[in-house]
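For reference, the structure is listed below as structure tokens.
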Amino acid sequence: MIHDVTELEVYNRSMELLEQTYGFLRNIPRSEYDTIDQLKRAAKSIPANISEGFAKRTYPKEFKRFLQIAIGSSDECVTHLRTLYITVPKHRATTQILAEEYKILSKRTNKLRTSWIAD
């Protein structure tokens, strides 16, 4: 039985990706401020929604709804990274790596969402 959100692999991975994303964004030119801001918001939204949903896990539909929102935010991160791939060519390798990691996170979160059964 899971008692704390930090026991969820998807939560921990989302926090790791958040840290990596923030580190990466320090190297992006200020001319891309709007994309940087949107990417930060989406990346922060993922663990926040997983955590909020986990708090409501005794109601499986609610937990699954928050996990679906987290998946949407993860997919949004992929899109913002694809934008940076186009607009900041010198960081293409890193944008591709991070985008792939967010895709994996989306898949894992979806797997948790589809398999969740209340305790």
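Each reported figure results from applying straightforward, stated rules to the coordinates on display, with no laboratory input. From a predicted model like this one, the values you see are computed outputs, not experimental measurements. Glycine gets a Cβ as well: all are built from the backbone with ideal geometry, and neighbour counts include every protein chain shown.
Among the basic types (Lys, Arg) and assigned to a helix (DSSP H, G or I): is that true of Arg57 in this structure? Against the criterion (among the basic types (Lys, Arg) and assigned to a helix (DSSP H, G or I)), Arg57 does not qualify. If the condition is being of a type in the set (D, E, K, R) and surrounded by fewer than 18 Cβ atoms within 10 Å (Cβ to Cβ), then the range 81-118 contributes Arg82, Lys90, Arg92, Glu100, Lys103, Lys107, Arg108, Lys111.
Just one of the numbered conditions (1) in contact (Cβ under 8 Å) with a residue 12 or more places away in the chain; (2) touching a His at 6+ places or on another chain (Cβ under 9 Å) is not true of Lys44; which one? Only one criterion in (1) in contact (Cβ under 8 Å) with a residue 12 or more places away in the chain; (2) touching a His at 6+ places or on another chain (Cβ under 9 Å) is unmet by Lys44, namely (2). Of all the criteria given as (1) within 22 Å of Thr95 (Cα to Cα); (2) touching a residue at least 40 places away in the same chain (Cβ under 8 Å); (3) among the β-branched types (Val, Ile, Thr), the one not satisfied by Thr58 is (1). Taken together, Thr83, Thr114 contain a single residue that is farther than 28 Å from Glu7 by Cα, part of a helix (DSSP H, G or I) and either hydrophobic (A, V, I, L, M, F, W, C) or over 15 Å from the mean Cα position of the chain (by Cα) (or both), which is Thr83.
For the range 81-102, a tally of residues being free of Cβ contacts under 8 Å to residues at least 40 places away in the same chain and touching a Ser or Thr at 6+ places or on another chain (Cβ under 8 Å) returns 2.
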